[in-house]
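Here the structure is laid out as structure tokens; the discussion comes afterwards.
The values are calculated or read from the model by the stated rules, or taken from the named source; none is laboratory data. Note that the coordinates shown come from a computational prediction; the quantities given were computed from them, not determined experimentally. Glycine gets a Cβ as well: all are built from the backbone with ideal geometry, and neighbour counts include every protein chain shown.
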Amino acid sequence: MRRRSDLFFSPPNKTNLMKFSILISLLTTPLLLAHPAGSQPLAHAADNSPSNGDLTRNWSGRRPDGHAPIGVMGDHTHGAGGFMLSYRYMFMRMEQNYDGDTSIADSNFAGPPPAPFRVAPTDMDMQMHMLGGMYAPTDRLTLTGMFNLVDLSMNHRNLANGMRFKTESSGLGDSSLGALYRFWDSPGQIRKERAHLGLGILLPTAEVDRQGVIPGPGTTRLPYPMQLGAGSWGIVPSLTYLGQGRDWSWGGQLSARIYLADNDEGYRHGNRWEATVWGARRLNKWISLSARATGSTWGNIRGSDADLLPLPVPTADPKRRGGSRLDGSVGVNLQIPGTRARMALEVGAPLWQDLDGPQLGSEWWTILGAQFAF
Ligand SMILES: [Cu+2]
């Protein structure tokens, strides 16, 4: 918890520096991409062996930037017979309550009556372990599956009596099965492009009736953000475009997460819409650096959990869950030489967020991933 004085005197901290460097990276991406391929010295081309797939007219998934930054889901397809297993670890840190696009002090909404709430969430850590599989029965069609384990921890402060407490929950999150269909493939000497459509089905494997101990009521149903997922059937449509030059690559994806039914507790998460664009530059055969911007917007919860007590904390209000965010992120992809294994890391932070608050804002996030194709 930040002291009040920090709100008025905020020295350049690590987070601000990181946001600044991410912003600079994003602003300079067009400069990297603007580098005309034709201006490369010819000798440079000889560094790439044709066996690596680099000098063919076809799109190559074998180069480090042959995959998007690791935070992009369903970014690539495989050739017929291709298998891939992947593991991603995601961490997100949330702190500071937002109302609209500005952060507000907890004392602005929580305290003794007549404040609307007594308890303020002060920070939250979200961790996710995602296991995924891909299999391509044909060159055009790739099937995907994913499940994840979620670990949540939230700290609170009761501003009426000063008491602090923590709630935690962990377990299986929502799962998905999907298909990616590549409908466009444009080979070229200088520029290769591809595009695919995706459709995933969300499986309601997350439990949304997790309990926790809260001072006052004791053991009780935890508020919405402490449940392990949406717990509803839904679909995830997506459209992905990929481009590849000799040493650079770029892409974009539009996707949505649309819930089609209420969960076991009688409510439904708000739909989520996302657009992301990235550019990457390959430094050599095995490493590439990327910058990405992602805009997302998501709705409030429809309905409500009848077993959730009317707790005096904003996290128990289904109409304080929606929001929009613009994230900037930078990443590195490694194609481990001599293998079909990859590792990747991406780190990002919101450049702007506008939340139906008071609601905890995102502070920064990271995703670390490993992928094995065979
Ligand atoms: Cu794959």
In region 270-289, what residues are farther than 14 Å from Val332 by Cβ and in a strand (DSSP E or B)?
Arg272, Trp273, Glu274, Ala275, Thr276, Val277
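Please work out which residue is nearest to the ligand (Cβ to nearest atom), limiting yourself to region 345-359 and to residues that are more than 17 Å from Thr297 (Cβ to Cβ) and aliphatic (A, V, I, L, M).
So, considering only residues that are more than 17 Å from Thr297 (Cβ to Cβ) and aliphatic (A, V, I, L, M), the one nearest to the ligand (Cβ to nearest atom) is Leu345.
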Where in region 160-231 are there strands (runs of 3 or more DSSP E), lying wholly inside it, with at least 3 residues that are in contact (Cβ under 8 Å) with a residue 40 or more places away in the chain and in contact with a Pro (Cβ under 9 Å, 6 or more places away or on another chain)?
192-203
Please state which of the following conditions Ala256 fails to meet, knowing it meets all the rest: (1) in contact (Cβ under 8 Å) with a residue 24 or more places away in the chain; (2) assigned to a strand (DSSP E or B).
(1)
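For residues that are closer than 30 Å to Tyr181 by Cβ and among the aliphatic types (A, V, I, L, M), scanning just region 78-123, find the one that is nearest to the ligand (Cβ to nearest atom). Steps first, answer last, please.
Step one: filter region 78-123 for residues closer than 30 Å to Tyr181 by Cβ, giving 78-90.
Okay, now just the ones that are also among the aliphatic types (A, V, I, L, M), so 80, 84-85, 90.
Numbers: Ala80: 13, Met84: 4, Leu85: 9, Met90: 17 Å.
Per the criteria, the residue is Met84.
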Can you tell me which residue in region 147-202 is surrounded by the most Cβ atoms within 10 Å (Cβ to Cβ), limited to those that are within 19 Å of the chain's Cα centre (by Cα) and acidic (Asp, Glu)?
Asp174
Check off (1) assigned to a loop (DSSP other than H, G, I, E, B); (2) closer than 16 Å to Leu355 by Cβ for Thr315 and give me the number that stays unchecked.
(1)
When region 124-146 is examined, which residues are found to be surrounded by fewer than 17 Cβ atoms within 10 Å (Cβ to Cβ) and within 16 Å of the ligand (Cβ to nearest atom)?
Leu131, Gly133, Tyr135, Pro137, Thr138, Asp139, Arg140, Leu141, Leu143, Gly145
Subset of region 85-114, residues buried (at least 16 other Cβ atoms within 10 Å of the Cβ) and aliphatic (A, V, I, L, M), comes to Met90, Met92, Met94, Ile104, Ala110
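Answer yes or no as to whether Leu141 is more than 26 Å from Leu311 (Cβ to Cβ) and at pLDDT 95 or above. Before you say what the answer is, go through the steps one by one.
Details: more than 26 Å from Leu311 (Cβ to Cβ): yes; at pLDDT 95 or above: yes.
Yes; evaluated as a whole, the condition is true for this residue.
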